[in-house]
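Here the structure comes first, spelled out in structure tokens, and everything after it is commentary.
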Amino acid sequence: CPVIKGEKWTATKWIHQDPFRWTGPPPPPRPPGCYDDNDSCATWASRGECKANPQFMVGDIEIPGFCRKSCRAC
């Protein structure tokens with residue numbers, strides 16, 4: 001229900017306890033090194049997935065991809 005007068009305390013309290021779209025704690029950082037996180041990376045890389053699906057395969061600065069070694073990204 002919309003607030004007609006005053007402040008809606010339950011909504012205010014809920015919003016301040018956790019972020020609105022909280023998805024849980026961030027994943028633990030990966031150890032340094034050049035490796036593949038999936039056994040199928042070499043096959044996918046040979047099929048051109050490094051260029052077709054770079055976000056998953058190679059990743060970026062913040063979230064490394066799952067097949068960096070097979071894509072020769074490190």
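Condition check: touching a helix residue (DSSP H, G or I) at 6+ places or on another chain (Cβ under 8 Å) and either modelled with pLDDT under 95 or β-branched (Val, Ile, Thr) (or both). Does Gly65 satisfy that?
For Gly65, the condition - touching a helix residue (DSSP H, G or I) at 6+ places or on another chain (Cβ under 8 Å) and either modelled with pLDDT under 95 or β-branched (Val, Ile, Thr) (or both) - is met.
Count, please, the residues in the range 35-61 that happen to be in a loop (DSSP other than H, G, I, E, B) and under 19 Å from the mean Cα position of the chain (by Cα).
So the count comes out to 7.
Are any residues in the range 46-63 within 18 Å of Cys34 (Cβ to Cβ), surrounded by 10 or more Cβ atoms within 10 Å (Cβ to Cβ) and among the aliphatic types (A, V, I, L, M), and if so, which ones?
Met57, Val58, Ile63
Could you say which residue among Cys34, Cys71 is at pLDDT 85 or above and touching a Gly at 6+ places or on another chain (Cβ under 9 Å)?
Only one candidate passes the filter, namely Cys71.
Condition first: among the aliphatic types (A, V, I, L, M) and over 13 Å from the mean Cα position of the chain (by Cα). Now tell me which residues in the range 62-74 satisfy that.
The answer is Ala73, and nothing else.
Taking the conditions exactly as written (surrounded by 10 or more Cβ atoms within 10 Å (Cβ to Cβ), of a type in the set (A, V, I, L, M) and either at pLDDT below 75 or not in a strand (DSSP E or B) (or both)), does Ile15 satisfy them or not?
yes
The values are calculated or read from the model by the stated rules, or taken from the named source; none is laboratory data. Given the structure is predicted, the values throughout are model-derived calculations rather than measurements. Quick reminder, even Gly has a Cβ in these numbers, built from the backbone with ideal geometry, and neighbours come from all protein chains shown.
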